[in-house]
Each structure stands twice: as C-alpha cells, then as structure tokens.
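Student: Dropping a structure here in structure tokens format, bear with me for questions.
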Amino acid sequence: MRNTRHFVILSVLVAVLTVFTYYALIYVIAPLPIEASVQAGQIDWLFNLEMMLTGFFFAIIIAPMGYSLFVFRRRKGDVGDGQHIEGNTKLEISWTIIPLIIVIGLGIIGADNLRKVKAVDPQAMEINVTAFQWDWQFDYGDGIVSDTLYLPINKQVVLKMQSRDVIHSFWVPEFRIKQDVVPGLVTEYRITPTIADTYKVRCAELCGVRHSYMEREVKVVSQAEYDQWIKDQRQAALIAQATEAADPNPSAARGEKLYASIGCKACHSLDGTKGIGPTWKGLFGSQVKLSDGSVVTADDAFLTESIKAPNAKIVAGFTPGMPDFQLSDKKIADLVAFIKTVK
Ligand code: CUA
C-alpha cells in the first residue's frame, strides 16, 4: 500500500517536472528563431520531439532521486545499516532494452526526417553562390550578380556553392539548414522559403580576421516582386553595358566594378587607410618598400605579379595571406587600369 502511494506521488512529480523542463528548454534555454522554410518545419518537429524526451528523461532521473533523498532520509536516532540489495535483473534488462529501442527509433525517425529535408523538387531554381574572404556573391546567370540574395517565396531553390579560398559556411538560422562551402567542391543548399521577410546569411565557419563581418541580406519576396527585381537587374546590366561603351576608360570602369564585387575592397582601401593589405591610393608609380628591404616601383609588371602570385613579394609591414583569385589576364589588366586612377 505504501509503495502504491510512493508510485502515485512520483508519477505526478515526474509528469510535472517533464512539462516544466520541456517548456524551460524550448522557451528559455534554447528558443529557436521563426520557422521560415518548409525544411525548418521538419527539423523543428524532430527537435521538439527530442526536447520532450530530454524533459522526460531528466524528470525520471531527478524526481525519484530528489524524492528518495527526502522521504527515505536517515531519521534521528537511526544508527542501523541501510538495506542490502543485490542487483535486480528485471530492472537492469528493462533499463537496457527500453533506451535501446528509443535510440533505434530516434535513428529511424531522424533518417526519415533527413530524407524529407533533402527532398528534391525537379523544378527548383538554381543560383550560384561564391563565398570568399570575406563576402558572399550570388550569381543568377544572364550577367545578374548581386550581393543580396533574393528568393521568391514558396519555391524551392538550390544554391550551388563554391569557395574561392578557405572553408566558409552558409547559415540562415530561420531556414535552419547550415552548409559548409569547401574550396574545390560544389556544395548544395536546398531550401523552400515560406515567409516573406528579410533575413541574414552569416558565415558559420571561422575563416579569418573579418569572419564575423561576413554577412549579407537574404530577401524573401513574392514571385511578382522577384520577377520585377530580375527585370530591373537585366535593365541595369544593359545600362551598365551602354555606359561602359561610352566610357573613355572602360577598362578602369570594369576594374572598379571588380574591386567591389570580387572582394578586393575587404583588404585594400581607396582612401589611404591601412587595411589588411596596402591601400590603392596613390599606389601606381609609387616606390614600394618590400619586407626583404628592397624597393620596387609599383608599375604594371609589379601590380600584375602581385595579383597573380600574391605572396611572391610582400610589402613591408604586411603579412602574406592574399589568395590567388585566378583572374583572367583581361580582368587583371582592368584592375591595374583602375588602380592607376586611384590617386
Ligand atoms: Cu567565411 Cu567565416
């Protein structure tokens, strides 16, 4: 009879502590940002199930332990030994078998969940993503390149991601999925956004001094807005082409665009500020002191070499670290033409 009473009280304690722990976990300890993709729904469902189980197992261990410490404590004047218990086979078998079943079950549910998260829509829209120290670039084809990622709502998109230098990681917490971008590989990131809003993609892999600034906006918009944006981008590309044709120094104009888009600006300032690399202000024609003590003139040959083989000659006061951007000779000429104009 006394055992039944303990059992009832403990059941109530376990139930209450389970609910308390579960809500504390999902609202206080590990609250998630809004769920903004189809894939996030799947992931959150599994996360939620695991939080419930975590709450239950925490309660079923802590509640009986705390209860026993209090109810079966040594009374005043009790100097006898505790009861000697020599194992309990039934209990040991059940606490081996039950967790085993739960873990295998979770494994199966997890694998099925992953299959759903990775489900491929053959109609998925493709966008090429380039990650580099320390920025993102999104290429929609047709010469449309943007540093903001525009995505139409409720449509699966597959990002084909490449890195130009080191390992980066594409992460939008509201979409839940995180994917590494590895040099020499094309990794895929498949997502179906469900809420129109502005999010932030951040790099989730330590990738150098400006890693924490490697963020860009992700705008999820209606299909109509998206189509309009693409149209505007095409128009802008055409206008840019026409301006380039009319430009007396088209090479320098192309170089200026490259400077902003491929990542030169992360390290080289145009206003004389000392960055991670030397400033481009007044660089062309100047006398440059190298780390080995020699002095060279920053002419076409020196600048071209410094872009092609960045670590061949290091300017005094700087550390080697610039990656080889593997630019075509034409692009390098454009960049050098632009450097000449920065006075
Ligand atoms: Cu790229 Cu961190």
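The values are calculated or read from the model by the stated rules, or taken from the named source; none is laboratory data. The shown structure was predicted, so the numbers you read here are calculated from the model rather than taken from an experiment. Because the Cβ atoms are built from the backbone with ideal geometry, glycine has one as well, and the counts that use them run over all protein chains shown.
Student: Quick check on my filter: what residues within segment 102-140 are more than 16 Å from the ligand (Cβ to nearest atom), touching an Asp or Glu at 6+ places or on another chain (Cβ under 8 Å) and either outside any strand (DSSP E or B) or among the small types (Gly, Ala, Ser) (or both)?
Tutor: Taking segment 102-140 as the starting set, the residues that turn out to be more than 16 Å from the ligand (Cβ to nearest atom) are 102-128, 139-140.
Right, trim to touching an Asp or Glu at 6+ places or on another chain (Cβ under 8 Å) and you get 106, 127-128.
Result: 106, single match.
Student: While we're on this one: In segment 64-101, what count of residues is obtained for those that are aromatic (Phe, Trp, Tyr), assigned to a helix (DSSP H, G or I) and surrounded by 10 or more Cβ atoms within 10 Å (Cβ to Cβ)?
Tutor: Step one: of segment 64-101, the residues aromatic (Phe, Trp, Tyr) are 67, 70, 72, 95.
Retained after the next criterion (residues that are assigned to a helix (DSSP H, G or I)): 67, 70, 95.
With the extra rule that they be surrounded by 10 or more Cβ atoms within 10 Å (Cβ to Cβ), the set shrinks to 67, 95.
Within segment 64-101, residues that are aromatic (Phe, Trp, Tyr), assigned to a helix (DSSP H, G or I) and surrounded by 10 or more Cβ atoms within 10 Å (Cβ to Cβ) number 2.
Student: Also: Looking at residue 226, is it more than 28 Å from residue 333 (Cβ to Cβ) and within 16 Å of the ligand (Cβ to nearest atom)?
Tutor: Numbers: more than 28 Å from residue 333 (Cβ to Cβ): yes; within 16 Å of the ligand (Cβ to nearest atom): no.
Spelling it out, it is not the case that residue 226 is more than 28 Å from residue 333 (Cβ to Cβ) and within 16 Å of the ligand (Cβ to nearest atom).
Student: In contact (Cβ under 8 Å) with a residue 12 or more places away in the chain and touching a Pro at 6+ places or on another chain (Cβ under 6 Å) - does that describe any residue in segment 233-252?
Tutor: No, because not a single residue in segment 233-252 is in contact (Cβ under 8 Å) with a residue 12 or more places away in the chain and touching a Pro at 6+ places or on another chain (Cβ under 6 Å).
Student: Given (1) touching a helix residue (DSSP H, G or I) at 6+ places or on another chain (Cβ under 9 Å); (2) free of Cβ contacts under 8 Å to residues at least 60 places away in the same chain, where does residue 143 come up short, assuming only one miss?
Tutor: (2)
Student: How many residues does segment 217-233 hold that are farther than 16 Å from residue 147 by Cβ and either more than 25 Å from the chain's Cα centre (by Cα) or surrounded by fewer than 14 Cβ atoms within 10 Å (Cβ to Cβ) (or both)?
Tutor: 7
Student: Could you please let me know if residue 236 is more than 16 Å from the ligand (Cβ to nearest atom), over 31 Å from the mean Cα position of the chain (by Cα) and among the small types (Gly, Ala, Ser)?
Tutor: Working: more than 16 Å from the ligand (Cβ to nearest atom): yes; over 31 Å from the mean Cα position of the chain (by Cα): no; among the small types (Gly, Ala, Ser): yes.
No: the conditions fail for residue 236.
Student: Let me ask something additional. Residues that are touching a His at 6+ places or on another chain (Cβ under 9 Å), among the aliphatic types (A, V, I, L, M) and modelled with pLDDT of 85 or more: does segment 204-226 have at least one?
Tutor: Yes, segment 204-226 has at least one match.
Student: Scan segment 37-47 and tell me whether some residue there is at pLDDT 90 or above, in a loop (DSSP other than H, G, I, E, B), in contact with a Pro (Cβ under 8 Å, 6 or more places away or on another chain) and surrounded by 10 or more Cβ atoms within 10 Å (Cβ to Cβ). Break it down into steps so the answer makes sense when it comes.
Tutor: Restricting attention to segment 37-47, the residues satisfying the condition of being at pLDDT 90 or above are 37-47.
With the extra rule that they be in a loop (DSSP other than H, G, I, E, B), the set shrinks to none.
For segment 37-47, residues at pLDDT 90 or above, in a loop (DSSP other than H, G, I, E, B), in contact with a Pro (Cβ under 8 Å, 6 or more places away or on another chain) and surrounded by 10 or more Cβ atoms within 10 Å (Cβ to Cβ): absent.
Student: Next up: Among the residues of segment 253-267, how many are aliphatic (A, V, I, L, M), under 18 Å from residue 139 (Cα atoms) and assigned to a helix (DSSP H, G or I)? Write out each step before concluding.
Tutor: Quick first cut of segment 253-267, residues aliphatic (A, V, I, L, M) only: 253, 258, 260, 262, 266.
Narrowing further to those that are under 18 Å from residue 139 (Cα atoms): 258, 260, 262.
Then keep just the ones that are assigned to a helix (DSSP H, G or I); that gives 258, 260.
Selection size over segment 253-267: 2.
Student: Now a separate question. Taking residue 321 as meeting all but one of (1) in a loop (DSSP other than H, G, I, E, B); (2) touching a Leu at 6+ places or on another chain (Cβ under 8 Å), write down the number of the exception.
Tutor: All conditions pass for residue 321, except number (2).
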